[in-house]
Amino acid sequence: MEKWADNKAWLLVLPVFVVVAFSAIIPLMTVVNYSLQDIFGPGNAVFVGTEWFKEMLTDKRLHDALGRQFIFSGLVLLIEIPLGILIALAMPKKGWSASASLVTLAIPLLIPWNVIGTIWIIFTRPDIGLFGVGINSLDLLDIPFDHTARPAYAWVTLMAMEVWHWTPLVALLCYAGLRAIPEAYYQAAKIDGASSWAVFCYIQLPKMRGVLTIAVLLRWMDSFLIYAEPFALTGGGPGNSTTFLSIYLVKLATGQFDLGPAAAFSLIYFLIVLLFCFIFYQVLLNVGKGEKIS
Amino acid sequence: MSLALRNVDKIVGGETHLKGIDLEFETGSRNVFLGRTLAGKTSLLRIMAGLDRPSRGKVLMDGVDVTGVSVRKRGIAMVYQQFINYPSLTVYNNIASPLRRSGLKKRDIDRRVRETAEILHLEELLDRLPAELSGGQQQRTAIARALVKDAKLLLLDEPLVNLDYKLREELRVELQDIFRKRSAIVVYTTTEPSEALMLGGKVVVLDEGRVLQTGATAAVYQRPETLRAAEVFSDPPINALDSTVTDGRAAMGDNIPIPLTGHLAGLADGAYRFAFRSNHLWLSSQGEGDVAISGKVELAEINGSETFVYVHHGKSAFVVQQEGVHPFAMGAPISVFLNPKHLFVYDTAGRLVAAPPAAGVAEQQ
């Protein structure tokens, strides 16, 4: 092929550059811009330096939302990852039942977020919902189940929604990881007389390291950014009990129109997500290497 | 210890993987299963290991039926084609893993791990993880895992296939030495005749789930009882041309007269298949008594310092293996020389009628 003498090839990169500029760089810079100014109206803004950052970092409501967010995302990982692994281990390995369970597992992943919210709201409603009516008829709870009645009820509903929606993703990833292990590994373990627990610890888990890293990162980011489910369920209530970071952020930005603080907030938010992704990645990359058989 | 297979069949989903296998192995013996892909080598190993149950027949250890006994209780070790090690354990712990359940003292385990590591030149790598090793080192670790527990039955399923040429040669030489010092029954599967010859011991030639021939490796190479066994035990596969003997005169292929002397003397009249290995063909006459076979070059394949020339002769074809690089144009006429003292004679059903005297073959090897 003939080589071009000039740098015309840069023109070919231009479309991508324009798309990325408009989809990522310019919006991000706008947010940075907002975070440094107090905006009173169109064309009426005052530069305030890092004031919004200081304000946000000492904001009690943000701290509370952040705390809730950590608990929520932590619970999500603690439930979804082990559950996903268990499901993957229990799934049939071949034949029609394998295909059937894969398809069944994938169904929740295909449903849009707000539809999930609606499904679960109806399912848990105390007057017509199957779950709501069912649990209340058992008469076990001191206050009848109603996700607007008690923070714990709202949390249980949210958790159920999240776990139902996203555990299949973890399970599918783990399943793919498990299927990639050659049969000879299991034979070798059998010859060594390894127990099935040892097979899990020394073959399956290490071999799933890659997919588990992806699963943890995806679920962490996604659950940390959760918005649609609590918004659809109670709009952040009852009280502020399900006001997670993004719910609070949207209230701040579009409810109160505090664009400056909201911009500062979202940058901090972004950095937190990034920091934790980095930490998880590093930990998962190195955990359990060179361990000893006990 | 002795291990015996009695009339073993293995049928999976209506497909016969093994049929009527009768074999015996003695302690300290080195055995090579030679056969092409899908010949049933791995199926047979798995049954010997106890990983699979035969569909019919018995596996006897020291005369005791162990057909249904779990692999855990058999005291065997196996090395696979893939490099199988525990991914999260260091080389040291990988080698130690088969000993963990043995109830040995820590000090004894340590000693044995280090001894085994030394045999396989892994001393410097004991703290590494398998993923940090080269393919050859990974397979050395896997072999060390198999050797460390002094199993009575050591099975190796094409252990060198996934290694590059250099490493393969190196490990092959070392393995011979390691096997010689073992008192176990060693069974090694391969698709390569040269590997089987190198390992020596006894060979079991397998094809389509059946045993074609057993015996001392060199002896089987020198006298393959069937044309099929000769094909499996030659690389490239042995060449065979339709031939006839009428009134004491032999004609091979396209009417090439073959003098019936030496081991060919006294062949009865009839139709035969005359077979010859590719390395017994020459591109120039090597001396008196050589027979010329003419044909057309179909393809000349240069492989390392050797050339494989595929030649069309009448309705049949054969391959010449020649040292050195010899380029040929496609379709070029060619004359190939063969000394009839290297001819194998098979009847039309593929049974051996006459083989070259052993010394002649040994000299070529």
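Of everything listed in (1) part of a helix (DSSP H, G or I); (2) at pLDDT 85 or above, the single unmet condition for A:T254 is (2). Within the range B:94-124, being at pLDDT below 90 and facing another protein chain (nearest Cβ under 10 Å) holds for B:S97, B:P98, B:L99, B:R100, B:R101, B:S102.
Only one of the numbered conditions (1) away from chain A (no Cβ under 14 Å); (2) charged (D, E, K, R); (3) within 30 Å of A:A180 (Cα to Cα) is violated by B:K58, and that is (3). If the condition is being out of contact with any Lys or Arg (no Cβ under 9 Å at 6 or more places or on another chain) and farther than 18 Å from A:V216 by Cα, then the range A:74-93 contributes A:A90, A:M91, A:P92.
On the given criteria, is B:E132 charged (D, E, K, R), within 27 Å of A:K190 (Cβ to Cβ) and free of Cβ contacts under 8 Å to residues at least 40 places away in the same chain? Spelling it out, B:E132 is indeed charged (D, E, K, R), within 27 Å of A:K190 (Cβ to Cβ) and free of Cβ contacts under 8 Å to residues at least 40 places away in the same chain. For the range A:146-175, a residue qualifies if it is of a type in the set (S, T, Y) and either part of a helix (DSSP H, G or I) or within 17 Å of A:Y227 (Cβ to Cβ) (or both), and the qualifying residues are A:Y153, A:T157, A:T167, A:Y175. Looking only at the range B:17-43, residues that are surrounded by 15 or more Cβ atoms within 10 Å (Cβ to Cβ), basic (K, R) and touching an Asp or Glu at 6+ places or on another chain (Cβ under 8 Å) come to 2 in all. Summed over the range B:164-193, the residues that are at pLDDT 90 or above and not aliphatic (A, V, I, L, M) give a count of 6.
Residues of the range B:199-224 that are over 27 Å from B:V311 (Cβ atoms) and charged (D, E, K, R): B:K202, B:E208, B:R210.
Would you say B:H313 is crowded, with 16+ Cβ neighbours inside 10 Å, touching a residue at least 60 places away in the same chain (Cβ under 8 Å), outside the structural domain of B:A218 (by TED's automatic domain parsing) and in contact with a His (Cβ under 6 Å, 6 or more places away or on another chain)? Considered against the rule, which asks whether it is crowded, with 16+ Cβ neighbours inside 10 Å, touching a residue at least 60 places away in the same chain (Cβ under 8 Å), outside the structural domain of B:A218 (by TED's automatic domain parsing) and in contact with a His (Cβ under 6 Å, 6 or more places away or on another chain), B:H313 comes out as no.
Considering A:T234, A:T242, which residue is in contact with a Gly (Cβ under 9 Å, 6 or more places away or on another chain), more than 14 Å from chain B (Cβ to nearest Cβ), surrounded by 17 or more Cβ atoms within 10 Å (Cβ to Cβ) and touching a residue at least 40 places away in the same chain (Cβ under 8 Å)? Being in contact with a Gly (Cβ under 9 Å, 6 or more places away or on another chain), more than 14 Å from chain B (Cβ to nearest Cβ), surrounded by 17 or more Cβ atoms within 10 Å (Cβ to Cβ) and touching a residue at least 40 places away in the same chain (Cβ under 8 Å) holds for just one of A:T234, A:T242, which is A:T242. Are any residues in the range B:302-315 over 23 Å from the mean Cα position of the chain (by Cα) and either aromatic (F, W, Y) or in a strand (DSSP E or B) (or both), and if so, which ones? Residues satisfying the conditions are B:I302, B:V309, B:Y310, B:V311, B:H312, B:H313.
Within the range B:77-88, residues that are assigned by TED's automatic domain parsing to the domain that holds B:P159 and closer than 22 Å to B:K152 by Cβ have Cβ atoms under 7 Å from residues that are in a loop (DSSP other than H, G, I, E, B) and at pLDDT 90 or above in these pairs: B:V79/B:P159, counting only partners at least 6 apart in sequence or on another chain.
Taken over the range B:1-49, the criterion of being in a helix (DSSP H, G or I) and either polar (S, T, N, Q) or farther than 16 Å from B:V205 by Cβ (or both) is satisfied by B:T42, B:S43, B:R46, B:I47, B:M48, B:A49.
In the range B:152-171, the residue that is nearest to the chain's Cα centre (by Cα) out of those that are over 13 Å from B:R140 (Cβ atoms) and in a helix (DSSP H, G or I) is B:E169. Just to be sure, is B:A250 under 16 Å from the mean Cα position of the chain (by Cα) and of a type in the set (A, V, I, L, M)? It is false that B:A250 is under 16 Å from the mean Cα position of the chain (by Cα) and of a type in the set (A, V, I, L, M).
If we scan the range B:50-69, do we find a residue that is closer than 30 Å to B:L126 by Cα, in a helix (DSSP H, G or I) and free of Cβ contacts under 8 Å to residues at least 60 places away in the same chain? Checking the range B:50-69: not a single residue is closer than 30 Å to B:L126 by Cα, in a helix (DSSP H, G or I) and free of Cβ contacts under 8 Å to residues at least 60 places away in the same chain. Only one of the listed residues (B:V71, B:V91, B:V161, B:V79) is at pLDDT below 90, within 14 Å of another protein chain (Cβ to nearest Cβ) and within 21 Å of A:I203 (Cα to Cα). That residue is B:V71.
The values are calculated or read from the model by the stated rules, or taken from the named source; none is laboratory data. Not measured: the values here are computed from a predicted model. We place every Cβ from the backbone using ideal geometry, glycine too, and count neighbours over all the protein chains shown.
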